[in-house]
Amino acid sequence: GGSEGAAEAVQAGVALELFQAAALIHDDIIARSVTRRGKPSVHRQFEGRHRSRGWALAPERYGLAAALLAGDLCLSLSEEAFTAIGPGAGSGSEARRVFNQMRTEVMAGQYLDVLEEVAGPSRPAGTAVERALQILRFKSAKYSTVHPLCLGGALAGGSPGLVASYAGFALPPGEAFQIRDDVLGVFGDPAATGKPAGDDLREGKRTVLIGHTLNNCSGSERRYLQEHLGSPAMTDATIEELRSLIIRSGALAAAEEMIAELVSTVYERLDALPVGPEVGRALRALADAAVRRNA
């Protein structure tokens, strides 16, 4: 629904882009990421500016503080952009409900991710995959696909039933997108991903891939993984050993199987959506982009 280039949709897109910028800036601080999209992460850019100009005090502290404020600014601008949509995004509207829920869930998912890094080693390995799935749903999958699609449906005047069907269709591609991201974070080509090889291992991310590894490896291999996962001093040789362990345990194959099952679900639910051909084609293109990525 709505006219081509409708101001409401464009304005909502601006709000979402600013929200994602905030989420990525803060995530890079939390994960101590050196790069983002092939360039220095925001906190490292500020740190580099401090060093190049010979300013006083610690450049690392300045970089973190400045990036934290930059992320907060993006959050504030995101809210301003969303409010500017007008009555359709006002208090009590379905679009406002979706936008508020998205922000809350991302923050909850980010906290669960941080919590799993520190508490994960003491938790049962048998539930590691489920815990990782819960994190990726709240931290990434829903705000990448579910909430933007539901937001568009709500702004265009879609019925509650249609918005709900959008949510059911959009979650599997969001999950597949993030599991693929986890695989690329360990096995991806840095030239394509824009991040160093094995970066997720250095950051200690307890992903679906790591969950499957913990479930399927031997006791001694599990101890080796727990000991080295998240070590800032991790060598290239250790990364290669951990990659071999992930493959040897069957974790990589299990993750690929999960992605394949999710992709199948995506197209089944797409065919069942009560939408016209033009909307169906647009949603299929979005689903293709989400589930068939290599960077």
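Derivation of every value follows stated rules applied to the coordinates shown; laboratory data play no part. Because the structure is predicted, anything quoted here is derived from the model rather than measured. Cβ sites come from the backbone with ideal geometry, for glycine too, and all protein chains shown count toward neighbours.
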## Note on the structure
dims of the stretch 119-182, Cα set, principal axes, largest to smallest, nearest Å -> 47, 21, 16
### Query
Percent of alpha carbon pairs in the chain separated by more than 26 Å?
50
### Summary
For the stretch 71-180, inverting the pair-averaged 1/r of distinct alpha-carbon atoms gives a Kirkwood value in Å of 15.2
### Query
What residue among Pro173, Pro124, Pro40 has the largest mean-square fluctuation in a Gaussian network model of the chain, using Cα springs under 10 Å?
Pro124
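Can you pull the Kirkwood radius for the stretch 203-284, inverse mean 1/r over Cα pairs, to one decimal in Å?
Numbers: mean 1/r = 0.0664 Å⁻¹.
Hydrodynamic radius (Kirkwood, Cα only) of the stretch 203-284 equals 15.0 Å.
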### Query
Going through the stretch 1-102, which GluC sites (Glu not before Pro) have at most 10 other Cβ atoms within 10 Å and a DSSP loop state?
Glu4
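Enter the per residue convex hull volume of the stretch 34-116, computed from alpha-carbon coordinates, in Å³ rounded to the nearest integer. The partial results should precede the final answer.
Working: hull volume 11.3 nm³, N = 83.
Here the figure is 136 Å³ per residue.
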### Query
Which residue fluctuates the most in the chain, going by a Gaussian network model with Cα springs under 10 Å, if the choices are Ala56, Ala170, Ala154?
Ala56
### Message
For the stretch 88-243, compute the orientation-averaged projected area of the C-alpha convex hull (one quarter of its surface), in nm².
### Response
10.5
### Query
Under DSSP H, which helices of the chain have Cα atoms covering 20 Å or more of the helix axis and a Kyte-Doolittle average no less than -0.5?
7-31, 59-83, 94-119, 160-187, 251-272, 277-291
### Query
When the gyration tensor of the stretch 114-155 is built from Cα positions, what are the square roots of 5 times its three eigenvalues, in whole Å, from largest to smallest?
30, 9, 5
### Message
Pick from Ala108, Ala191, Ala233 the residue whose mean-square fluctuation is largest in a GNM of the chain, springs joining Cα atoms under 10 Å.
### Response
Ala233
## Note on the structure
Any residue on another chain or 5+ positions along whose placed amide H is under 5 Å from the amide H of Arg36 is listed here as Ser41
## Note on the structure
Stokes-Einstein, Kirkwood over Cα pairs, the stretch 159-217, 25 °C, 0.890 mPa s; D in µm²/s equals 185
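Sequence gap at least 6, Cα distance under 8 Å: using those rules, report the relative contact order of the chain to the nearest whole percent. All intermediate terms of the calculation are to be shown ahead of the outcome.
Values: 371 pairs, mean separation 53.7, N = 295.
Reported as a whole number, the value is 18 percent.
Rounded to the nearest angstrom and ordered from largest down, what semi-axes does the equivalent ellipsoid of the stretch 1-75 get from its C-alpha gyration tensor (root of 5λ)?
32, 11, 10
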### Task
Would you give the gap between the C-alpha center of the stretch 96-151 and the C-alpha center of the stretch 204-220, rounded to a whole Å?
19
